[in-house]
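See structure below.
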Amino acid sequence: MPSTYIESTTAYQVGWGRSIWRRVSGLLPWERQAVRDGGIVWFAFTPWHYTQSGYKVVTAHGDKFDSREPTPAELDAITKANGA
């Protein structure tokens, strides 16, 4: 598991669900590179369903960036880093 978790304060999700237009925008160039290098870049959002954690982990698929819910171990590290 990576030892560094990077919070992006500029990233945001565009499109939700199974939309073909779904992506993460607002990533800084060094955050994009961190994701490509296998780092954990995450951002907070306001959840609207009880199954959502309120955090998303950024993933890279070629030149496209998407997001997913964090694993339990990632969520634990993120909430500890976030002071929760």
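Laboratory data are not the source of any read-out in this text; all were calculated from the coordinates shown. All values reported here derive from a predicted model rather than from experimental measurement. Here the Cβ positions follow ideal geometry from the backbone for every residue, glycine too, while neighbour counts run over all protein chains shown.
The simple Förster model, with R0 at 25 Å and r as the Cβ-Cβ distance, assigns Ile20 and Glu69 a FRET efficiency of 0.80.
Extending 7 Å from the Cα toward the beta-carbon at both Tyr50 and Gln33 defines two label points whose distance is 4.4 nm. Please compute the net charge surrounding Lys80, taking Lys and Arg as +1 and Asp and Glu as -1 over other residues with Cβ under 13 Å from its Cβ. Net charge in that neighbourhood comes out at -3.
For region 1-82, the relative contact order is 26 percent, taking Cα pairs closer than 8 Å that sit 6 or more residues apart in sequence and dividing their mean separation by the residue count. Principal axis analysis of the Cα atoms in the chain yields extents of 32, 30, 20 Å, listed in decreasing size.
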